[in-house]
Amino acid sequence: MKKVLVISYYWPPAGGVSVLRALKIVKYLQYFGWEPIVYAPLNADYPFLDPNNERDIPKNIKVLKKPIIEPFKAFKLLSGRGTGNQLNSIVHVRDKKISWIDKIGIWIRGNCFIPDARSLWIKPSVKFLLKFLEKNPVDAIFTDGPPHTNTCIANLLKKKTGIPWLSDYQDPWTQVDYYQMFSISKYAHRIHSRMEQECFVNANKITIASPSWKNDLERIGAKDVEVIYFGYDEADFKDLERNESEYFDIVHIGLLGIDRHPRELISVLHTTTFSRKIRLQLAGQIDVEVKKDLNELQGKIEVEFLGAVTRKEALQIAFNSDLLLLPLNKANNVLGRLPGKLYEYLRTYNPILALGPINSDAAHIIKTTHTGRCFEYEDVKGQMDYIAQVMQEDWEILPDKKAIEKFSNFQQTKIIANLLNEIT
């Protein structure tokens, strides 16, 4: 069996969606003739923890860990958040009004920590892994970014060892929606771009999470990029059973940032009288302004803020839903934005109400799998009519289960394994 070194910042006990891409690929690689050796940080400051993810780690694989120095604890103390508080990107999900300390922290993040806030892990990781690889040779390297610290570690390893490298992108680097929000100077942008281009050149293969982003990446110099979808794991749905409630449950799972504020939908729910009593359930972090506006629905409909929940709980909530809400980022690269939860939404076989461009990759997937509708944020009538339609007793969704199956983690890992075979 061939061996592949998988470099990933996110690894159990990390929770949230970011850990799942590398974890699920590692889970299934051995089915396709590849033995993964994982390299991850020993003491990472993850925004979420979910020990349940550890059950997906294959029992017979080697996991290497090296300590990491991160600035997040210091930033939490300086900003008055406390070291125990969750900290996600404050440019998207604000837990309070952004202060001058926050603004300084955002500037430092974009201009002093390149490519990202985990950059202090690069040099010690390269030193450690070069020594490891001398006695433990591998056939290929796989990295999952962001953080693109992972990408930079592999780039240096490739330059020093020549080991074939598959560079995977959950999100782009300089093209990602939040890149511009870090107030990056022209000087820092030149460094980011130079490093990004070097990684394009040295990688034997590049993969990214959506067709539109593939085209975007190729436009700035990446060659022959392949699409690897985020996917869902069929095993996660094995024991789920639907629990009915008296409500018509509209559910959103994950971060709900200011860049996905569903103002028009809130207006629909506030002003329209529907045939059933609605409950809006939201699991995950919510921007302070979004939460304030959602709270104004109380009394008209039931609104439940469930906070951070385990992955198993999140899937059960989604499985119980009558309608799944999928707001897309209001950003320049939204056409390629495929949230990780989309695929788990697909697999629940429950209807999806997406908000965003109707020519986006997400809208295309929802349409071709027959799992719901996508409406522009401003299309109030379309959203209102679709909710009323789904509420009808004789209405049922007829998802294309065969089309959905191709987005499974098992099928996507098969593509990864084939690409590893190709570059070796």
Looking only at the range 232-250, decide whether some residue is within 16 Å of residue 172 (Cβ to Cβ) and open to solvent by 50 Å² or more (accessible area, probe 1.4 Å).
no
Flag for residue 64 being open to solvent by 10 Å² or more (accessible area, probe 1.4 Å), aliphatic (A, V, I, L, M) and in a strand (DSSP E or B)
yes
The conditions are (1) open to solvent by 30 Å² or more (accessible area, probe 1.4 Å); (2) over 18 Å from residue 170 (Cβ atoms), and residue 335 fails exactly one of them. Which is it?
(2)
Does any residue of the range 377-397 turn out to be of a type outside the set (A, V, I, L, M, F, W, C), under 30 Å from residue 4 (Cα atoms) and loosely packed, with under 15 Cβ neighbours inside 10 Å?
no
Filter the range 115-172 down to the residues that are assigned to a strand (DSSP E or B) and among the charged types (D, E, K, R), then identify the one that is surrounded by the fewest Cβ atoms within 10 Å (Cβ to Cβ).
168
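Go over the candidates 227, 201 one by one and state the one that is under 17 Å from the mean Cα position of the chain (by Cα) and free of Cβ contacts under 8 Å to residues at least 40 places away in the same chain.
Exactly one residue qualifies, and that residue is 227.
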Any residue in the range 1-25 that's within 23 Å of residue 285 (Cβ to Cβ): show its pairings with residues that are open to solvent by less than 10 Å² (accessible area, probe 1.4 Å) and basic (Lys, Arg) at Cβ separation under 9 Å, as long as the two are six or more apart or on different chains.
8/21; 10/21
Does the range 173-190 hold any residues that are of a type outside the set (D, E, K, R), over 16 Å from the mean Cα position of the chain (by Cα) and either part of a helix (DSSP H, G or I) or under 30 Å from residue 135 (Cα atoms) (or both), and which are they?
180, 181, 182, 187, 188, 189
Residue count, the range 181-190, condition surrounded by fewer than 15 Cβ atoms within 10 Å (Cβ to Cβ) and not small (Gly, Ala, Ser), comes to 3
Unmet requirement for residue 3, which otherwise passes all of (1) touching a Pro at 6+ places or on another chain (Cβ under 8 Å); (2) within 18 Å of residue 424 (Cα to Cα); (3) open to solvent by less than 30 Å² (accessible area, probe 1.4 Å)
(3)
Select from the range 191-205 the residues that are open to solvent by less than 60 Å² (accessible area, probe 1.4 Å) and assigned to a loop (DSSP other than H, G, I, E, B) and list them in ascending order.
203
Hey, any hits in the range 206-219 for a residue that's under 23 Å from residue 126 (Cα atoms) and crowded, with 16+ Cβ neighbours inside 10 Å?
yes
May I ask you to list the residues in the range 6-19 that are open to solvent by 10 Å² or more (accessible area, probe 1.4 Å) and closer than 15 Å to residue 146 by Cβ?
10, 16, 17, 18
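The values are calculated or read from the model by the stated rules, or taken from the named source; none is laboratory data. Predicted, not measured: the structure shown is a model, and the values here were computed from it. With ideal geometry, Cβ positions are generated from the backbone for all residues, glycine too; neighbour counts draw on all protein chains shown. We work out accessible area using only protein heavy atoms, side chains counted, and drop any ligands, DNA or RNA first. Shrake-Rupley method; radii C 1.70, N 1.55, O 1.52, S 1.80 Å.
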